[in-house]
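Below is one structure, written out as structure tokens, with a few remarks after it.
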Amino acid sequence: MKSFISKLNIKQKLAAVALLLGIIAIFAGNPYKDAYAKIDTKEIALIIQKELDHITAEELADWIIQGKSDYRLIDLRSEKEFEEYHIPTAENIQLTMLSDYTFLPAEKIILYSEGGIHSAQAWFLLVAKGYRNAYMLKGGLEEWKDKILFPTISQNPSPDEVKHFEKIKEVSKYFGGSPQTGKEENVTIKQTLPKLEMPKQVTPQVGTQKKKKKEGC
Amino acid sequence: MNAPFFKYGLFGDDFSLVVAFLIGIGFGFFLERAGFGSAKKLTAQFYFIDMSVFKVMFTAIVTAMLGLYYLGVLGLINLSLVYLTPTYLIPQILGGLILGIGFVIGGYCPGTSCVAVSTGKIDALVFLIGVVAGIFAFGEVFPLIKNFYYSSDMGQLTLPQLLNIPYGLIVFLVVLMAVGGFIGAEFVEKKMKK
Amino acid sequence: MNQTENENTFQPKPYSNPYLAGIGLGLVLLLSFVIMGRGLGASGAFSSAITAALDKLSPEHVKSNEFYSEYLGDGTKSPLKDWLVFEVIGVFAGGLLSGALAGRIKKGIEKGPRVSNSSRLLFAFIGGALMGFGAKLARGCTSGQALTGGALLNVGSWAFMMCVFAGAYAFAYFMRRQWQ
């Protein structure tokens, strides 16, 4: 056997290696990942427990104001709801569409729905598909409204709370919201959702699909 | 290992250009090593005198295909993230025929002509100017041929999907075809020398 | 090996064994897949170069033409700041490196003995133009389609590759005076 191999010239040896690898390939299976994803349940439980799975409305507001564009904000609600109001920079992708949608693996994906349930389900879907950079907006759009668009302050605020509220008021105005000071005359003010154009300086930067250059020749 | 590294965000756009340059050096180096900086050697393929074009091309295809296949099977690369040019069958068939005729008239293809320019071939430089002119002509007539360009759209499609044959079996058949082709090429070369 | 001998006689080194060169090329291609998730290319770089030039001369023309505007991307950076452009600059450098190491850099025109220089150059231009046009129609050239798509078992690439060989063999007879 050994002498047989040593008798072969370099071309024959290479051909033999290629054929051998080819024959093994017949039995080695499909190189593409299939649709049945394996998930590490322990890892996911740990992420949830450590609260690494969500961001708060205030954090998101800060990002939008700073003009960050390293994330994709996904609105999971219906098209009609999306058109009525959505958080600036958001894209509308519904839950059923999400499983067919391919993101880049490194993309930071932030999901939100009306409350928290749909986004949690979507989050699980994405994590199962291997997207490790998926996050939920904590409390969904409801919390966005409560904390950012129509923030309130308690009846007897501590100095810290007052300071925080002053800051939030600015943020709220930026997004076209109306802060509720908590005094009685203000409570009755109707909470009207801001028009979608607000704030102007953000929309052109992100939100629209970035046109990608093609990768072929 | 999370490959392709770039798509997993291991580095950004700017560094990818450095990678591009380095990979290009490797590409150019081996093209020149193979003798593809010479139009005479390249076109000798089409007169059955020197079958190097076939040998080098198919060895490269087999090497990369086997490597990619085994990396994919072992889970070291996510193949669905490797860019696959969509198939538009009829324009690609016509494009291939035009390109083949251009190959035997001009003596190079775009990649090999770059290597030939580097090694001092004047005809390769003229060829490259021709390539630029051809692309410009294509760009100018593009609005007229746009419908044809987008015809027979088959999407991103691989041979295993088309033929409904397991991927590994196709890999084996390609290896078998290549090795058979190499044996034939060696035989033809020997015969032509006589 | 025979460094001194080669230098004395100014004989260029012989070309590599085609199978070994092919394996080298295949490994470079594989590396590109693993690092970048894309294959090699050549003609695309020249499309970017033309787009960049035309964009300077007549930006409206480029924007109104779908072919050029694809190479323009989102317009935030120059079309020349493109992966394939840098890769092709590398190809020039790699060819120079290999040619210099083997003593194969020599100014001249490659042709058969039965054809004049001027007709060879004319044919080079015509061939190049056909190549450029065909490569765009096929969405890639020998590197971007045949090599890259071949390794990925891409249907269009294999059809393309067969047709390149078919076209070249079919037309070779008419060109025999130029080469042999």
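Working carefully through the options B:145, B:101, B:105, find the one that is farther than 13 Å from residue C:42 by Cβ, touching a helix residue (DSSP H, G or I) at 6+ places or on another chain (Cβ under 9 Å), more than 7 Å from chain C (Cβ to nearest Cβ) and in a helix (DSSP H, G or I). Give the derivation first.
On the way: B:101 fails: more than 7 Å from chain C (Cβ to nearest Cβ); B:105 fails: more than 7 Å from chain C (Cβ to nearest Cβ).
Only one candidate qualifies: B:145.
Restricting to segment C:41-64, name every residue that is facing another protein chain (nearest Cβ under 7 Å) and either open to solvent by 10 Å² or more (accessible area, probe 1.4 Å) or charged (D, E, K, R) (or both).
Residues of segment C:41-64 that are facing another protein chain (nearest Cβ under 7 Å), as a first pass: C:41-44, C:46-47, C:50.
Scanning segment C:41-64 gives C:46, C:50.
Table: residues versus (1) buried (at least 17 other Cβ atoms within 10 Å of the Cβ); (2) in contact (Cβ under 8 Å) with a residue 40 or more places away in the chain.
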{"position": "B:97", "(1), (2)": "yes, no"}
{"position": "B:115", "(1), (2)": "yes, yes"}
{"position": "B:143", "(1), (2)": "no, no"}
{"position": "B:146", "(1), (2)": "no, no"}
{"position": "B:149", "(1), (2)": "yes, yes"}
{"position": "B:158", "(1), (2)": "yes, yes"}
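Any residue at all in segment B:124-137 that's more than 7 Å from chain C (Cβ to nearest Cβ) and open to solvent by less than 10 Å² (accessible area, probe 1.4 Å)? Before the answer, list the steps.
Kept after step one, since they are more than 7 Å from chain C (Cβ to nearest Cβ), are these residues of segment B:124-137: B:124-125.
When the remaining residues are screened for being open to solvent by less than 10 Å² (accessible area, probe 1.4 Å), the result is B:124.
Yes.
List the residue pairs whose Cβ atoms are under 9 Å apart, where the first residue sits in segment C:42-65 and is assigned by TED's automatic domain parsing to the domain that holds residue C:83, the second is among the basic types (Lys, Arg) and open to solvent by less than 10 Å² (accessible area, probe 1.4 Å), and the two are 6 or more positions apart or on different chains.
The qualifying pairs are C:43/C:136; C:47/C:136.
Quick check on this structure: which one of C:37, C:90, C:26 is under 15 Å from the mean Cα position of the chain (by Cα), at the interface with chain B (Cβ under 9 Å from one of its Cβ atoms) and closer than 29 Å to residue B:77 by Cα? Steps first, please.
On the way: C:37 fails: under 15 Å from the mean Cα position of the chain (by Cα); C:26 fails: under 15 Å from the mean Cα position of the chain (by Cα).
Within the list C:37, C:90, C:26, the selection yields C:90.
Among residues belonging to segment C:95-142 that are touching a Pro at 6+ places or on another chain (Cβ under 7 Å) and not in a loop (DSSP other than H, G, I, E, B), point out the one that is modelled with the lowest pLDDT.
Of segment C:95-142, the ones touching a Pro at 6+ places or on another chain (Cβ under 7 Å) are C:102-104, C:131, C:135, C:137-138, C:141.
From the residues that got through so far, the ones that are not in a loop (DSSP other than H, G, I, E, B) too are C:102, C:131, C:135, C:137.
Working: C:102: 92, C:131: 95, C:135: 95, C:137: 95.
Looking at the filtered set, the residue picked out is C:102.
Can you pull out every residue in segment B:8-63 that is crowded, with 24+ Cβ neighbours inside 10 Å and of a type in the set (Lys, Arg)?
Within segment B:8-63, B:33, B:55 meet the criteria.
Kindly establish whether residue B:120 is surrounded by 15 or more Cβ atoms within 10 Å (Cβ to Cβ), touching a Phe, Trp or Tyr at 6+ places or on another chain (Cβ under 8 Å) and small (Gly, Ala, Ser).
Details: surrounded by 15 or more Cβ atoms within 10 Å (Cβ to Cβ): yes; touching a Phe, Trp or Tyr at 6+ places or on another chain (Cβ under 8 Å): no; small (Gly, Ala, Ser): yes.
So residue B:120 fails the test.
Please pick out the residue among C:147, C:137 that is among the hydrophobic types (A, V, I, L, M, F, W, C), in contact with a Leu (Cβ under 8 Å, 6 or more places away or on another chain) and in contact (Cβ under 8 Å) with a residue 24 or more places away in the chain. Lay out the reasoning, then the answer.
Values: C:137 fails: in contact (Cβ under 8 Å) with a residue 24 or more places away in the chain.
Testing whether each residue is among the hydrophobic types (A, V, I, L, M, F, W, C), in contact with a Leu (Cβ under 8 Å, 6 or more places away or on another chain) and in contact (Cβ under 8 Å) with a residue 24 or more places away in the chain leaves just C:147.
Looking only at segment A:129-146, count how many residues are part of a loop (DSSP other than H, G, I, E, B) and touching a residue at least 40 places away in the same chain (Cβ under 8 Å).
To start, the set of residues in segment A:129-146 that are part of a loop (DSSP other than H, G, I, E, B) comprises A:129-133, A:138-139.
So of that shortlist, the ones also touching a residue at least 40 places away in the same chain (Cβ under 8 Å) come out as A:129-130, A:138-139.
Residues that pass the stated criteria total 4.
Kindly indicate which of B:68, B:89, B:81 is within 7 Å of chain C (Cβ to nearest Cβ), touching a helix residue (DSSP H, G or I) at 6+ places or on another chain (Cβ under 9 Å) and within 13 Å of residue C:157 (Cα to Cα).
Numbers: B:68 fails: within 13 Å of residue C:157 (Cα to Cα); B:81 fails: within 13 Å of residue C:157 (Cα to Cα).
Matching residue, one of B:68, B:89, B:81: B:89.
When segment C:149-180 is examined, which residues are found to be among the hydroxyl-bearing types (Ser, Thr, Tyr) and either outside any helix (DSSP H, G or I) or open to solvent by less than 10 Å² (accessible area, probe 1.4 Å) (or both)?
Filtering segment C:149-180 for residues among the hydroxyl-bearing types (Ser, Thr, Tyr) gives C:157, C:169, C:173.
Matches in segment C:149-180: C:157 only.
From the list A:103, A:124, pick out the single residue that is open to solvent by less than 10 Å² (accessible area, probe 1.4 Å), among the hydrophobic types (A, V, I, L, M, F, W, C) and under 14 Å from the mean Cα position of the chain (by Cα). Break it down stepwise before answering.
Numbers: A:124 fails: open to solvent by less than 10 Å² (accessible area, probe 1.4 Å).
Among A:103, A:124, only A:103 is open to solvent by less than 10 Å² (accessible area, probe 1.4 Å), among the hydrophobic types (A, V, I, L, M, F, W, C) and under 14 Å from the mean Cα position of the chain (by Cα).
The values are calculated or read from the model by the stated rules, or taken from the named source; none is laboratory data. As the structure is a prediction and not an experimental result, all values here were calculated from the model. Positions of Cβ are generated from backbone atoms using ideal geometry, with glycine treated the same way; all protein chains shown enter the neighbour counts. For accessibility, only protein heavy atoms count, side chains too; no ligands or nucleic acids. Shrake-Rupley method; radii C 1.70, N 1.55, O 1.52, S 1.80 Å.
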